[in-house]
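K.L.:
The structure is given below, and queries will be raised subsequently.
Nothing in this text is a laboratory measurement; each read-out follows from the coordinates by a stated rule. Source: prediction; values computed, not measured. Positions of Cβ are backbone-derived with ideal geometry, glycine not excepted, and every protein chain shown enters the neighbour counts.
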Amino acid sequence: MVIRGTRELPEPSGDEGCAQQLLAMEIDYGPFMREVPLPAEVEVDQAHAEQRNGLLWISLPLKEP
């Protein structure tokens, strides 16, 4: 499985326009790509992904044997 995307430069937020405090990030900003080997075959046409609360949720149903 290959995951590609672009992380935007964090913008100031809050009532006073102060920058967000970030404790740790995998990447700062810009394009990224990750290749994740899967331990089993999946139903590619039933794959689903969504971003919620800053996290990427991926659903990959397994192929029936």
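K.L.:
Please work out how much length the chain gains when fully extended from Ala47 to Arg34, using 0.36 nm per residue of separation minus the C-alpha to C-alpha distance, in nm with one decimal. Please list the in-between numbers first.
P.N.:
Numbers: separation 13, 0.36 × 13 = 4.68 nm, distance 1.70 nm.
So the extension gain works out to 3.0 nm.
K.L.:
Here is a further query. What is the sum of charges around Pro31, taking Lys and Arg as +1, Asp and Glu as -1, for the other residues whose C-beta is under 9 Å from the C-beta of Pro31? If you can, show how the numbers build up before the last one.
P.N.:
On the way: positive: Arg4, Arg7; negative: none.
Around Pro31, the charge tally is +2.
K.L.:
Which whole-Hz ³J(HN,Hα) couplings does the range 50-62 yield from phi under the Karplus relation 6.51 cos²θ - 1.76 cosθ + 1.60, θ = phi - 60°, glycine and proline marked x?
P.N.:
8, 9, 9, 6, x, 10, 9, 9, 10, 10, 10, x, 6
K.L.:
Net charge within 13 Å of Ser59 by Cβ-Cβ distance, Lys/Arg positive one each and Asp/Glu negative one each, not counting Ser59 itself? Spell out each step's value before the answer.
P.N.:
Working: positive: Arg52; negative: Glu43, Asp45, Glu50.
Neighbourhood net charge equals -2.
K.L.:
Further, regarding this structure: For Val42, which sequence-distant residues (separation of 5 or more, or a different chain) have an amide H within less than 5 Å of its own amide H, given hydrogens modelled in the peptide plane?
P.N.:
Residues meeting the criterion, in which the H sits 1.01 Å from N, are Lys63.
K.L.:
What is the spin-label model distance, in nm, from Ile3 to Ser59 if the labels are put 7 Å beyond Cα along the C-beta direction?
P.N.:
For Ile3 paired with Ser59, the spin-label model returns 1.7 nm.
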